[in-house]
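Undergrad: Structure provided below as structure tokens; questions to follow.
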Amino acid sequence: MNDKHLTPRARTAIVIGGGVAGPVAALALQKAGIEPRVYEPYAPGTGSRGGPITLASNGQNALAVVGADRAVQETGWSTPRMVISSGTGKVLGAIDDLPGLPPRVTLPRGALVESLQHSAAEQGVPFHFGKRFVDAVDTGHSVIAQFDDHTTAEADVLIGCDGIRSAVRRTIDPAAPEPRYTGLIGFGGYADGSGVPDSGGAWHFIFGRRAFFGYVIQGDRAGWFANLPVKHLDREVLRHTGFEEWMARLRAAFADDAGPALRILDRVTPEEFAPASPLEDVPHVPVWSKGRIALIGDAAHATSPSSGQGASLAAESAVELARCLRDLPVAQAFTAYESGRRARVERIIAAAARTNQSKAAGPIAARIRDAVMPFVMERFMTPEKSAWQYAHTIDWEAVAV
Ligand SMILES: Cc1cc2nc3c(=O)[nH]c(=O)nc-3n(C[C@H](O)[C@H](O)[C@H](O)COP(=O)(O)OP(=O)(O)OC[C@H]3O[C@@H](n4cnc5c(N)ncnc54)[C@H](O)[C@@H]3O)c2cc1C
């Protein structure tokens with residue numbers, strides 16, 4: 001008996017995680033004729049709204065395949081330009097979105113998740129909240145998921161969309177690598193009334209003397225984030241450091257930089273402050289699938305936020321995996337999905353890791369960075385040179401092989 005008979009095409013799927021990859025996978029699976037059910041621990045609207053997140057044109061192209069792009073675009077701000085400066089105020093370069101592609105869109109992370117969940121629910125995808133995956137059993141002809149409330153669910157395949165600390169990843173490979181700390185702690189949120197002028201759809205990124213600051217202003221509202229280099233991470237200290245203390249540290253970090261970081265930080269309130277989080281990635285997850293279980297999104301390929309691509313890659317992988325499952329028996333579908341995705345996502349993860357080194361540069365390295373960056377940007381960071389990232393599209397009609 002060949003493999004085709006051992007693992008026939010999937011008709012039903014358990015989707016673990018209702019963040020970004022989960023709802024998109026559910027929509028794509030449904031479009032592929034496979035019946036999905038999503039399992040997520042947190043009820044909608046119960047988590048932090050989060051800081052601003054940008055969805056690049058390639059991510060929006062992936063969402064367009066499943067009809068979830070419009071809602072996201074309508075919720076967010078169009079931000080097609082990035083302007084990069086040094087802490088002295090010197091502009092090091094600017095990057096515009098490629099013409100003809102959907103412009104980068106910026107929205108609170110929570111709003112992105114809500115929008116995707118809403119799009120999936122509207123299409124009839126069932127969501128089961130309050131369900132935390134703990135383990136799975138592959139029976140040979142189905143997979144049974146076990147949740148922490150002692151309930152179970154059974155389907156032909158299980159798709160792990162449970163993020164960077166994926167429990168599904170540990171189930172299929174107990175030796176899977178843990179997330180890697182980048183040396184940066186991330187902060188972000190929104191703030192009103194800073195008086196900083198509207199940035200006209202531009203994100204401004206400042207390689208400051210001691211830390212990295214990003215901001216975009218629409219009307220009188222600022223979306224912002226900061227990356228603070230902290231070499232030795234103490235998670236206990238992180239957990240017990242409060243809002244006021246972090247704000248004092250951020251103000252000190254940006255005190256000597258040109259730009260509006262301090263004016264924006266002065267208007268930040270605890271209500272619109274996303275909790276400090278260590279920035280992490282997982283450069284290489286050796287096992288993406290086993291039997292009837294596969295990983296997508298951060299569970300398989302977590303890039304640090306410096307790429308601005310994690311959510312877009314999650315959406316791409318969700319659609320590609322569904323296309324493969326539509327056309328191929330399960331085992332071949334998982335192989336085709338991985339061989340189509342791995343090189344692309346790992347290239348982006350590696351590029352983001354290099355950016356992190358620039359963000360955490362010491363004073364001498366920072367001087368070299370500021371001198372070299374205009375040249376590098378002009379030569380290598382043109383829209384054309386980064387088209388492989390942003391102009392990526394998925395041909396849904398193409399038969400997966
Ligand atoms: C500070 C920060 C800024 C970022 N900025 C950007 C950006 O600008 N642009 C960009 O594209 N990306 C950005 N990212 C990355 C992006 O958020 C992720 O790549 C993206 O959310 C990955 O989607 P996902 O669905 O794989 O994982 P997640 O969005 O993390 O979703 C995982 C889901 O699984 C659920 N879950 C977890 N464990 C279990 C379990 N055991 N059982 C069931 N469900 C479970 C979680 O509750 C969650 O809903 C940023 C990340 C961070 C941390």
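Undergrad: Explain nothing, just the number: dipole magnitude of segment 46-173 about its Cα centre with +1 on each Lys and Arg Cβ and -1 on each Asp and Glu Cβ, in debye rounded to the nearest 20.
TA: Details: 11 positive and 14 negative charges, 140 e Å.
In total the dipole reaches around 680 debye.
Undergrad: In square angstrom, what is the accessible area per residue of the chain with a 1.4 angstrom probe? Don't skip to the end; give the middle numbers.
TA: Working: 17270 Å² over 401 residues.
In whole numbers, the chain has 43 Å² accessible per residue.
Undergrad: Still on this structure: What is the local net charge at ASP256, summed over the other residues whose Cβ is closer than 13 Å to its Cβ (Lys, Arg +1; Asp, Glu -1)?
TA: Working: positive: ARG209, ARG210, ARG251; negative: ASP257.
Result for the local shell: +2.
Undergrad: Based on the mean of other Cβ atoms within 10 Å per residue, sort peptides 290-301, 168-179 so the most packed one is first. Provide the component values of the computation, followed by the final result.
TA: On the way: 290-301: 26.8, 168-179: 17.0.
Top to bottom by mean Cβ count within 10 Å: 290-301, 168-179.
Undergrad: Another question, then. Taking the chain on its own, what percent of its Cα-Cα pair distances exceed 35 Å?
TA: On the way: 20979 of 80200 pairs.
So the pairs more than 35 Å apart make up 26 percent of the total in the chain.
Undergrad: Continuing with this model, one more query. Around PHE225, under 13 Å between beta carbons, what's the net of Lys plus Arg minus Asp minus Glu among the other residues?
TA: On the way: positive: ARG109, LYS359; negative: GLU272.
That works out to +1.
Undergrad: As I understand it, the value is the acute angle between the Cα axis of helix 109-122 and the longest principal axis of the Cα atoms of the chain; what does it come to in degrees, rounded to 10?
TA: Tilt of helix 109-122: around 30 degrees.
Undergrad: With axes computed from alpha carbons, what is the tilt in degrees of helix 310-327 against the longest principal axis of the chain, rounded to the nearest 10 within 0 to 90?
TA: 20
Undergrad: While we're looking at this one, here's another question. Label-point separation (nm) for VAL137 and PHE375, each offset 7 Å from Cα along Cα-to-Cβ?
TA: 6.3
Undergrad: What's the carbon and sulfur percent of the chain's accessible surface, probe 1.4 angstrom, rounded to a whole number?
TA: On the way: 9370 of 17270 Å².
On the chain, the fraction of accessible area on carbon and sulfur atoms equals 54 percent.
Undergrad: Also, I was wondering about something else. Using the charge dipole of the chain (Lys, Arg: +1 at Cβ; Asp, Glu: -1 at Cβ; taken about the Cα centre), state which of ALA71, GLY188, ILE159 has its Cα farthest towards the positive end.
TA: GLY188
Undergrad: Report the normalised scattering of segment 110-165 as log10 I(q)/I(0) at q = 0.17 Å⁻¹, calculated by the Debye formula with identical scatterers on the alpha carbons.
TA: -0.70
The values are calculated or read from the model by the stated rules, or taken from the named source; none is laboratory data. No experiment lies behind these values; they were computed from the predicted model shown. Note: ideal-geometry Cβ built from the backbone for every residue, glycine included; neighbour counts use all protein chains shown. Ligands, DNA and RNA are stripped out before the accessible areas are found, and what is left, the full protein with its side chains, is counted by its heavy atoms. Shrake-Rupley method; radii C 1.70, N 1.55, O 1.52, S 1.80 Å.
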